[in-house]
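Just so it is clear, none of the values below were taken in a lab; they were calculated from the coordinates. What you see is a predicted model; the values in this text were computed from it and never measured. Positions of Cβ are generated from backbone atoms using ideal geometry, with glycine treated the same way; all protein chains shown enter the neighbour counts.
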Amino acid sequence: MHLQESGEMYLEAILILQSKMNTVRSLDVAEYRNYSKPSVSRAVKLLRDGGYITVDENGFLHLTQIGREVAEKIYDRHRVLTQFLTSLGVDEETASADACRMEHVISDTTLEAIKSHLENN
């Protein structure tokens, strides 16, 4: 199953919330991203069916190995792009919002060049 941008956003949200709260439910994702409960329910079903997450008997969401890999990749892209944009003088809020859109379409080659640039400056 190829993930769309929205699926990547859900995985990233679960990863971030797990680092803050340890246990994450669909409601937590809905509140964190300001998504509707029905939207999150649909996404959870798709992500579970795709093997990216599991849902335990208490309703807690857990990233599978592949789900964690995707989430960490997207989150790393977000952090790098935010850092890069702020280094150019973009304010933190705008940089983060722009990075959120860019993280899904930027090539690995370009991202690696940005990482290299940041490390050398």
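Of the residues THR64, THR109, the single one that is of a type in the set (S, T, N, Q) and closer than 16 Å to ALA13 by Cβ is THR64. Which count do you get for residues in segment 74-102 that are touching a Phe, Trp or Tyr at 6+ places or on another chain (Cβ under 9 Å) and either in contact (Cβ under 8 Å) with a residue 60 or more places away in the chain or exposed (fewer than 15 other Cβ atoms within 10 Å of the Cβ) (or both)? Within segment 74-102, residues that are touching a Phe, Trp or Tyr at 6+ places or on another chain (Cβ under 9 Å) and either in contact (Cβ under 8 Å) with a residue 60 or more places away in the chain or exposed (fewer than 15 other Cβ atoms within 10 Å of the Cβ) (or both) number 0. Residues that are more than 13 Å from the chain's Cα centre (by Cα) and of a type in the set (Ser, Thr, Tyr) were ranked within segment 78-106; the one that is farthest from LEU11 (Cα to Cα) is SER87. Would it be correct to say that SER36 is surrounded by 13 or more Cβ atoms within 10 Å (Cβ to Cβ) and touching a helix residue (DSSP H, G or I) at 6+ places or on another chain (Cβ under 9 Å)? Against the criterion (surrounded by 13 or more Cβ atoms within 10 Å (Cβ to Cβ) and touching a helix residue (DSSP H, G or I) at 6+ places or on another chain (Cβ under 9 Å)), SER36 does not qualify.
If you go through segment 26-44 one residue at a time, do you hit one that is closer than 13 Å to LEU11 by Cβ and either free of Cβ contacts under 8 Å to residues at least 12 places away in the same chain or of a type in the set (Asp, Glu) (or both)? No; the residues of segment 26-44 include none that is closer than 13 Å to LEU11 by Cβ and either free of Cβ contacts under 8 Å to residues at least 12 places away in the same chain or of a type in the set (Asp, Glu) (or both).
Wholly within segment 13-111, which helices (runs of 4 or more DSSP H) include no fewer than the required count, namely at least 1 residues that are hydrophobic (A, V, I, L, M, F, W, C), touching a Cys at 6+ places or on another chain (Cβ under 9 Å) and under 25 Å from ASN121 (Cα atoms)?
Output list reads 65-87.
Can you find, within segment 48-73, the residue that is surrounded by the fewest Cβ atoms within 10 Å (Cβ to Cβ) among those that are in contact (Cβ under 8 Å) with a residue 40 or more places away in the chain and within 13 Å of the chain's Cα centre (by Cα)? Among them, the one singled out is GLU72.
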